[in-house]
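Student: My structure is below; once you've seen it, I'll send some questions.
The values are calculated or read from the model by the stated rules, or taken from the named source; none is laboratory data. Because the structure is predicted, anything quoted here is derived from the model rather than measured. Methodologically, a virtual Cβ is constructed for each residue, glycine included, from the backbone with ideal geometry; neighbour enumeration extends over all protein chains shown. Quick note on the areas: whole protein, heavy atoms, side chains included, nothing else; ligands and nucleic acids left out. Shrake-Rupley method; radii C 1.70, N 1.55, O 1.52, S 1.80 Å.
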Amino acid sequence: MTEPAPPRHRSPLLGRHGAVAAAGPDAGVAWHYGDPTAEQRALARGGAVVDQSHLGVVTVTGPDRLTWLHSLTTAAVDTLQPRTSTELLVLDPHGHVEHAAGVVDDGTTTWLLTETAPALAAWLDRMRFMLRVEVADVTDEWAALAEPVDAEGTADEPVTWRDPWPRTAPGGTRYGPDDADHPAVDRRWRLVLVPRATLADEVRAREAAGWPLVGTWAAEALRVEAWRPRAAHEVDHRTIPHELDWLRTAVHLHKGCYRGQETVARVHNLGRPPRRLVMLHLDGSGHLLPAAGAAVRLPAAGAVPGDPAAAGPGGDPVGREVGRVTSVARHHELGPVALAVVKRSVPTDAVLLVDCDGGAVSAGQEVVVPGEGVSVDRPAARGPLTRGLGGHPMLGG
């Protein structure tokens, strides 16, 4: 996918006492304000506000906006009703994820919240042809604040995007657990758009109501706990939506043609995603924490993760590299956790090794996308399949 652009704005909230600036995709806002553990607890309880003003905002106006976006992206938005939130992906011709965006329409304008606003706006602008649509990158005018609220915006509120994760949308499917059994079933998260010039005032109003301001450390820890994919972290140039269980909320399997649809349909109906998202529970006894991008390894046969026998001369890890860490967090209850994308063939019960500066740590898996790589509603095979394409395990394929 397109790499996130450097931050265009430095949040005025970074001037708060105790604020520590975030880095990487969250540069421009605060990582925390001095007490990340307390901030996580406040956010988990449902009473906090998170500065997300580093996110980009793209608008699409004109009478053809919804049918046009419907034809270009993975989502069914041609009949999207005002103040109803969804999300979409833009795929390349091979089905790899290029852009992701939260979507909400206010009746006259479609708002896209994304981490790749300049590139997404430029691509959409090139695709207008003769249709009655106008595209604008309005990140300089609008900023997002996150709230732990599970409600769409009302007519009396600013433009608000309610995160649909993990509820399987009409036309979508899931590789992971049923919605009711998903660890994020009770997750509450929405983004409220406010004029950038009034960002600090909007936060102060929420603080006056008893909501503390918290940083991205807290937000990311709860996102990892929820297995929620994020484009700036979980997506690379090879990612297809199936690998991240993103067909739950961002892909409609029964809509008209769009770029990359052949790959989406083929993998869902006949194939298996080559990789799978997994949550890792990291051994924190050595106080080592991997960085995003760290190698994930399957220990050599007979080696015990965490034992000196699992490392070679000089402490170098022994084992085959099978994936990469995508997100890392210190959770206030779970301890050190991470999301990683690994090869589908990695045994789901294997204890893995994760490279760290100073040594490797062992990691237990929590399965997000099952190893069999088959969705719950995959069609049954009608006959012999091409070598290498398996049938549904529940149907004897």
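Student: For region 88-104: of the residues being in contact with a helix residue (DSSP H, G or I) (Cβ under 7 Å, 6 or more places away or on another chain) and in a loop (DSSP other than H, G, I, E, B), which is nearest to ALA76 (Cα to Cα)?
Tutor: GLY95
Student: Among the numbered criteria (1) within 28 Å of GLY373 (Cβ to Cβ); (2) touching a strand residue (DSSP E or B) at 6+ places or on another chain (Cβ under 6 Å), which single criterion is violated by TRP217?
Tutor: (1)
Student: A follow-up question, please. Evaluate region 363-381: report whether one residue or more is of a type in the set (S, T, N, Q), open to solvent by 20 Å² or more (accessible area, probe 1.4 Å) and modelled with pLDDT of 65 or more.
Tutor: The answer is yes; a qualifying residue exists.
Student: Restricting region 1-26 to residues that are touching a Lys or Arg at 6+ places or on another chain (Cβ under 9 Å) and modelled with pLDDT of 95 or more, which is surrounded by the most Cβ atoms within 10 Å (Cβ to Cβ)?
Tutor: Top of the filtered list is PRO25.
Student: Right, another one. Which ones in region 332-350 are open to solvent by less than 70 Å² (accessible area, probe 1.4 Å) and under 19 Å from GLY293 (Cα atoms)?
Tutor: PRO336, VAL337, ALA338, LEU339, ALA340, VAL341, VAL342, VAL346
Student: Find the residue count for region 256-271, including only residues that are farther than 17 Å from PRO93 by Cα and either part of a strand (DSSP E or B) or open to solvent by less than 40 Å² (accessible area, probe 1.4 Å) (or both).
Tutor: Looking only at that region, the number is 1.
Student: HIS70: open to solvent by 20 Å² or more (accessible area, probe 1.4 Å), at pLDDT 95 or above, touching a Gly at 6+ places or on another chain (Cβ under 8 Å) and in a helix (DSSP H, G or I), yes or no?
Tutor: yes
Student: Output the residue which, of all residues in region 272-288 that are in a loop (DSSP other than H, G, I, E, B) and within 21 Å of the chain's Cα centre (by Cα), is farthest from ILE240 (Cα to Cα).
Tutor: ARG272
Student: Confirm whether ASP51 is under 24 Å from GLU98 (Cα atoms) and of a type in the set (D, E, K, R).
Tutor: No; evaluated as a whole, the condition is false for this residue.
Student: What are the residues in region 135-175 that are of a type in the set (Val, Ile, Thr) and either in a loop (DSSP other than H, G, I, E, B) or modelled with pLDDT under 95 (or both), if any?
Tutor: Residues satisfying the conditions are VAL138, THR139, VAL149, THR154, VAL159, THR168, THR173.
Student: Determine the pairs where a residue that is more than 17 Å from ASP92 (Cα to Cα), located within region 124-135, has a partner that is open to solvent by less than 50 Å² (accessible area, probe 1.4 Å) and in a loop (DSSP other than H, G, I, E, B) with Cβ atoms under 8 Å apart, the partner being 6 or more residues away or on another chain.
Tutor: LEU131/GLY62; LEU131/ASP64; ARG132/GLY62; ARG132/ASP64; VAL133/GLY62; VAL133/ASP64; GLU134/GLY62
Student: If you don't mind, there's one more thing I want to ask. In region 227-255, what residues are acidic (Asp, Glu) and buried (at least 18 other Cβ atoms within 10 Å of the Cβ)?
Tutor: The answer is GLU234, GLU243, ASP245.
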